[in-house]
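**Student:** Would you mind keeping the following structure in view while I ask a few things?
A short reminder: the numbers here are calculations on the coordinates, not readings from a lab. On a predicted model such as this, the values are computed, not experimentally measured, just so you know. Ideal geometry is used to build each Cβ from the backbone, glycine not excepted, and the neighbour counts take in all protein chains shown.
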Amino acid sequence: MIKKYSVRINKKVHQVEADENMPLLWVIRDILGMEGTKYGCGVGSCGACTVHLNGSAVRSCQLPISSLTGMEITTIEGLSAKGDHPVQKAWLDVDVAQCGYCQSGQIMSAAALLKSTPNPTEEDIENFMTGNICRCGTYTRIKKAIQQAAAKS
Amino acid sequence: MKKTETQYSRRSFLKVSSLSGGGMMLGISWFASAKPVESLDELNIEPVWQEVTSFIKIASDNSIKIFSPNPEFGQNVMTSLPMLIAEELDVDWKQVEAEQGNFNPKAFPRQFTGGSQGVRMAWKPLRTVGAAARQMILTAASQAWNLPVSELTTFNGMVTHAFSGKSESYGTFAEAASKLPVPKDIVLKGNQSFRLLGTPQKNVVGPKIVQGKPLFGLDYREAGMLYAMTERPPAFGMQLKSFDTTAAKKMPGIVDIFPIKVYNDDHKFAGFDTRSFNEVIAVVGKSTWDVMNARKKVKAVWEVAPEKSEMGQNNQARIVPSGLESTKKHYAQMLEMDKKPGKIERKDGDPEKGFAEAKHIIERTYTAPFLAHNIMEPTNAFAHFVGDKVRFVAPIQIPEMMIPSMVARLGIPKENISIELARMGGGFGRRAYGHYMIEAALISKQVSAPVKLIYMREDDVSGGNYRPLYQLTYRAAFDENKKLIAFHAKGGGVPESPLHANRFPAGAIDNYLAESWVIPSNITIAAFRAPRSNFNAAAEQSFLDEISEYMGKDPIDFRLELLKRAKENPVGKTNDYDASRYMGVLELVREKSGWGKPENAGKKRGVSAYFCHNSYAAQVIDLQVKGDQVTVDQVTTALDCGVVVNPEGAKNMAEGAAIDGIGNALFGQLTLTDGKTDQKNFDTYRMIRHNEAPKKIDVHFVKNEIDPTGLGEPPFPPVFAAVANALYKATGKRFYHQPFQPQLKG
């Protein structure tokens with residue numbers, strides 16, 4: 001059923017009309033036109049659509065719009081003002097990306113990890129990041145970038 | 001300095017135009033006569049160089065734009081191709097903004113992403129573009145200053161006259177330079193003079209990627225754009241019988257639902273045409289979510305399709321059999337095929353006699369499953385059909401190869417097709433097959449609106465165009481001294497054979513036989529990172545490991561022995577590989593991995609090497625097995641891809657290849673039951689994940705002055721056998737059938 005919702009994304013309140021079951025992913029992409037959050041699988045198995053919900057990493061393809069009242073959502077576009085979050089800087093420094101499609105989700109997961117665990121062990125990183133698939137195989141660079149961001153922040 | 005000649009004067013291909021805001025735009029088209037040559041012989045070696053083009057824009061403020069002609073899917077040509085131009089143009093890389101060129105066959109005759117040929121084919125042509133532009137700027141400066149060109153030098157985008165101390169930016173002379181005739185003789189730098197090439201440079205698109213900027217096809221949108229998906233048969237071998245869209249059309253946001261035929265019935269299938277299902281039902285609506293929901297309400301009746309005959313471009317028909325196929329049955333069929341005589345692909349000496357006289361024979365059969373490409377950005381295309389013109393924004397590896405099929409199906413001349421090349425969220429071969437663009441165009445035409453066609457992940461995984469299912473049986477014959485006296489490779493697949501009959505160890509063994517066979521199928525296949533090689537290497541390099549053990553030889557020494565024979569006294573006339581370069585990567589990986597060193601005696605390690613796409617790669621993999629868990633401690637890769645243009649990007653590719661290879665060797669498989677794939681999405685299709693990636697990957701390049709050869713694919717194939725050979729050391733068990741991990745006991 002189409003309803004009106006008010007969602008807080010990147011510190012702005014957006015009024016949207018959407019089917020109550022529409023996942024946040026499609027609200028962000030199709031209604032609000034922010035394309036940084038990616039569609040990869042739609043079943044919460046790849047992490048390409050990762051956003052922050054009240055600071056924690058979640059899969060936006062699994063969150064119906066009707067469940068988000070009063071929640072604070074952050075997408076890759078809202079992670080930093082100029083792409084200068086320590087994780088983004090480390091990503092550039094380590095030259096992580098190949099195709100780059102999964103990297104928004106990887107970065108959002110990594111930023112959430114460092115928020116909860118500022119000095120993660122290798123095992124912490126591996127376990128936390130396991131939900132984010134990279135088909136190009138940049139996992140070792142991602143780990144290095146997270147370690148670097150942790151060391152600098 | 002090497003002097004190379006161009007022949008612009010006879011067939012002028014340089015287009016120079018002044019930009020409205022001042023500055024210069026330079027584009028050179030490369031055809032047969034415009035290729036830079038060092039000798040006439042060279043022309044005969046690599047005639048494909050004809051097909052490269054580039055653009056340079058220099059603004060009056062001296063900022064420089066360089067267009068990368070090739071579609072980008074993560075191989076980082078957006079960085080490496082502009083680097084080739086920038087080196088010879090002699091500009092500061094920091095001044096340069098790289099931009100993706102759109103599909104434009106007149107300006108860019110080779111816009112081809114596949115076969116690891118990007119840098120290789122651009123190596124001289126794009127450097128010549130840069131050198132020509134530099135020479136024109138020098139001429140313009142010489143005219144402006146009334147000084148001889150010979151007294152002028154360039155550095156970082158500046159022209160300098162040392163005697164007088166005059167120095168001005170390229171931007172100052174760009175407009176005048178743009179009006180000059182094209183220089184006839186172009187001088188390229190010698191490799192030792194490179195200042196940019198060979199230095200590690202970061203991905204130029206990196207800043208946009210980390211900010212989630214809309215770069216990909218799926219990110220494209222414009223006003224009035226509708227969303228579309230296609231409902232297709234639930235199994236290979238089925239077709240549309242009838243359908244009822246009454247309920248689906250009542251769903252919110254739905255604009256129209258109708259069937260489309262992807263190709264004409266009499267279509268002649270070219271190299272990159274493929275169709276899993278020719279008739280599908282298009283569902284068009286106002287948002288992705290609307291379309292996803294309405295799709296579920298389409299009531300379609302599917303039926304088993306009859307046997308079909310597809311016409312190829314060579315007017316040879318290919319049979320597409322009827323029936324609902326299962327991989328279990330395929331494996332049984334493959335074993336049957338192995339017992340029948342195959343098609344002889346190569347024969348040296350008298351292999352039958354060798355096997356008849358053998359004191360011992362080792363025979364092993366290897367298999368590998370269908371694999372889905374699992375490109376992270378699902379298949380998609382934007383199309384807007386207006387009148388007799390169509391405009392695309394699409395991720396596509398080889399746009400030029402789709403044009404004839406578009407012309408045939410859409411009934412419009414090729415000049416009326418425009419394609420903006422979107423960055424691809426992965427490709428791996430899948431996006432060489434652009435049927436989805438035809439689908440998007442047909443849908444846009446029907447609804448008279450701009451349309452973005454989206455495949456759901458399930459559509460991609462279950463929709464075909466897979467790495468084929470393969471089998472290879474190797475036999476080795478030995479005399480009483482355990483000397484290898486004959487070798488036999490027999491390979492086939494569903495529906496393609498993996499065999500490369502003229503590759504190593506052909507050429508190294510006196511009595512050699514290679515045979516192939518195929519099993520026709522209605523399951524569609526596609527190129528998949530290093531097609532055929534990705535399995536050949538796995539099987540061959542595992543077998544060589546096993547027979548070297550029987551002979552009591554170190555696996556690297558044994559390979560080197562064979563290669564030495566192939567180098568000094570090759571068997572047969574056609575051997576595809578360069579034995580010296582092959583030996584080079586084995587020697588380098590031996591050194592860098594500390595192979596055979598006492599301190600590594602306790603490591604469970606496997607080695608493998610392979611040649612493909614003009615390059616040579618070897619790996620040593622160290623791993624541990626606990627229960628059914630494999631931990632890869634280290635991958636050491638040695639790679640000979642000639643001169644390395646961008647070592648940072650090159651390392652990233654080789655690291656990715658190692659992870660991709662380990663993932664597919666251990667986990668990757670797509671199986672089918674009664675025509676339906678058993679895996680539909682990443683919850684059932686097992687991909688390698690963070691915690692399964694190697695702890696460490698070292699990449700070493702052979703340093704030489706060979707013009708660049710392939711890079712994206714070559715480091716991938718050998719990984720599979722390095723994993724299998726290391727698993728043997730860790731478990732005492734040989735692994736013949738991919739994926740390996742399910743065979744480990746928990």
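**Student:** Taking every residue in B:677-690, how many Cβ atoms of other protein chains lie within 10 Å of its Cβ, on average? Mind dumping the intermediate values first?
**Tutor:** Working: counts 0, 0, 0, 2, 7, 11, 5, 2, 2, 0, 5, 5, 10, 17.
The per-residue average across the peptide is 5.
**Student:** Can you check how the C-alpha radius of gyration of segment A:1-89 compares to 2.2 N^0.38 Å, as a plain ratio?
**Tutor:** Numbers: Rg = 12.5 Å, N = 89, 2.2 N^0.38 = 12.1 Å.
Working it through for segment A:1-89, the quotient is 1.03.
**Student:** Can you divide the C-alpha Rg of segment B:505-610 by 2.2 N^0.38 Å and report the result to two decimal places?
**Tutor:** Normalised by 2.2 N^0.38 Å, the Cα Rg of segment B:505-610 equals 1.25.
**Student:** Regarding segment B:630-746, what's the average projected area of the Cα-atom convex hull, expressed in nm²?
**Tutor:** Across all orientations, segment B:630-746 yields a mean hull projection of 9.2 nm².
**Student:** A further question on this structure: Compute the distribution of all C-alpha to C-alpha distances in segment B:338-377, in bins of 5 Å from 0, and list the percent of pairs in each, rounded to whole numbers.
**Tutor:** Per 5 Å bin, starting at 0, the Cα pair percentages come out as 5, 11, 14, 21, 16, 8, 7, 7, 6, 3, 2, 0.
**Student:** Determine the equivalent ellipsoid of segment A:18-153 by diagonalising the alpha-carbon gyration tensor, then write out the semi-axes as square roots of 5 times the eigenvalues, largest first, rounded to whole Å.
**Tutor:** Working: eigenvalues 121, 45, 38 Å².
For segment A:18-153, the semi-axes come out at 25, 15, 14 Å.
**Student:** So, how do all the Cα-to-Cα distances of the protein assembly as shown break down into 10 Å bins, in percent, from 0 on up?
**Tutor:** 2, 12, 20, 24, 21, 14, 5, 1, 0
**Student:** Then there is this: Do the sum for chain B: with -39,500 (n - 2.57) for every DSSP H run of n ≥ 4, divided by all residues, what is the mean residue ellipticity at 222 nm, to the nearest 500 deg cm²/dmol?
**Tutor:** -8500 deg cm²/dmol
**Student:** Shifting gears a bit: Can you give me the pair-distance distribution of segment B:157-209, C-alpha pairs, 10 Å bins, whole percents?
**Tutor:** With 10 Å bins starting at 0, P(r) equals 16, 25, 41, 16, 1.
**Student:** Do me a favour and compute the ellipsoid semi-axes for segment B:574-696 from its Cα gyration tensor, root of five times each eigenvalue, largest one first, whole Å.
**Tutor:** Equivalent ellipsoid of segment B:574-696: 29, 21, 14 Å, largest first.
**Student:** Ranking B:Asp388, B:Asp92 by Cβ neighbours within 10 Å, fewest first, what do you get?
**Tutor:** B:Asp388, B:Asp92
**Student:** Right, here's the next one. DSSP loop trypsin sites (Lys or Arg not before Pro) in segment A:10-82 with at most 14 other Cβ atoms within 10 Å of their Cβ, which ones?
**Tutor:** A:Lys11, A:Lys82
**Student:** Next up: For chain B, what is the Kirkwood estimate of the hydrodynamic radius, computed as the reciprocal of the mean inverse distance between distinct Cα atoms, to one decimal in Å? Present the calculation step by step, with values, prior to reporting the outcome.
**Tutor:** Working: mean 1/r = 0.0360 Å⁻¹.
Computed over chain B, the radius equals 27.8 Å.
**Student:** Taking the convex hull of the Cα atoms, report for segment B:323-429 its projected area averaged over all directions, in nm².
**Tutor:** Mean shadow area of the hull around the Cα atoms is 12.6 nm².
**Student:** Please report, in whole Å³, the volume per residue of the convex hull around the C-alpha atoms of segment B:372-470. Walk me through the intermediate numbers first.
**Tutor:** Working: hull volume 9.5 nm³, N = 99.
Here the figure is 96 Å³ per residue.
**Student:** To continue, here is another question. Calculate the translational D of segment B:76-117 in whole µm² s⁻¹ from Stokes-Einstein, where the hydrodynamic radius comes from the Kirkwood formula applied to all Cα pairs, the temperature is 25 °C and the viscosity 0.890 mPa s. Could you put the intermediate results ahead of the total?
**Tutor:** Values: Rh = 11.7 Å.
Roughly 210 µm²/s, to the nearest whole number.
**Student:** Which whole-number percent gives the relative contact order of segment B:127-266, counting Cα pairs below 8 Å spaced six or more residues apart?
**Tutor:** 16 percent
**Student:** What per residue convex hull volume, in Å³, do the alpha-carbon atoms of segment B:442-510 yield? Display every interim value, and only then the final one.
**Tutor:** Working: hull volume 10.0 nm³, N = 69.
So the per-residue hull volume is 145 Å³.
**Student:** Average partner chain C-beta neighbours within 10 Å, per residue of B:655-666?
**Tutor:** Partner-chain Cβ atoms within 10 Å, mean over residues of B:655-666: 3.
**Student:** Taking just the alpha-carbon atoms of segment A:82-149, what radius of gyration and Dmax come out, in angstrom?
**Tutor:** 10.6, 30
**Student:** Also, I was wondering about something else. Let me know the charge dipole size of segment A:1-145 about its Cα centre in debye, to the nearest 20, where only the beta-carbon of Lys, Arg (+1) and Asp, Glu (-1) is charged.
**Tutor:** Dipole size: approximately 200 debye.
**Student:** Counting pairs of alpha carbon atoms under 8 Å apart in space and at least six apart in sequence, what relative contact order in percent does segment B:546-605 give?
**Tutor:** 25 percent
**Student:** Given the Cα-Cα distance of B:Arg734 and B:Asp388 and 0.36 nm per residue of separation, how much length would full extension add, in nm?
**Tutor:** 118.6 nm
**Student:** What's the average, rounded to a whole number, of partner chain beta-carbon atoms within 10 Å of each residue's beta-carbon in B:282-292?
**Tutor:** Numbers: counts 0, 0, 0, 0, 1, 8, 8, 12, 4, 0, 4.
The shielding value for this peptide is 3.
**Student:** If you don't mind, another one. Which one of A:Ser116, A:Ser45, A:Ser60 has the biggest mean-square fluctuation once chain A is modelled by GNM with Cα springs under 10 Å?
**Tutor:** Of A:Ser116, A:Ser45, A:Ser60, the Gaussian network model singles out A:Ser116 as fluctuating most.
**Student:** So, one more: Can you pull out the trypsin sites (Lys or Arg not before Pro) in segment B:306-399 whose DSSP state is coil and whose Cβ has at most 12 other Cβ atoms within 10 Å?
**Tutor:** For trypsin sites (Lys or Arg not before Pro) across segment B:306-399 that sit outside H, G, I, E and B with at most 12 neighbouring Cβ atoms in 10 Å, the list reads B:Lys359.
**Student:** Using a 10 Å Cβ count of at most 13 others and DSSP loop calls, identify the longest part of chain B lacking such GluC sites (Glu not before Pro).
**Tutor:** The longest such stretch corresponds to B:481-704.
**Student:** Hey, another quick one. Excluding same-chain pairs closer than 8 in sequence, count the lysine pairs in segment B:521-625 whose Cα atoms lie under 19 Å apart.
**Tutor:** On the way: B:Lys553/B:Lys564; B:Lys553/B:Lys597; B:Lys553/B:Lys603; B:Lys553/B:Lys604; B:Lys564/B:Lys573; B:Lys592/B:Lys603; B:Lys592/B:Lys604.
So the count works out to 7.
**Student:** Now, a different point. Using only alpha carbon positions, build the gyration tensor of segment A:5-53, then give the equivalent ellipsoid semi-axes as the square roots of 5 times its eigenvalues, largest first, whole angstrom.
**Tutor:** For segment A:5-53, the ellipsoid semi-axes come out as 18, 12, 9 Å.
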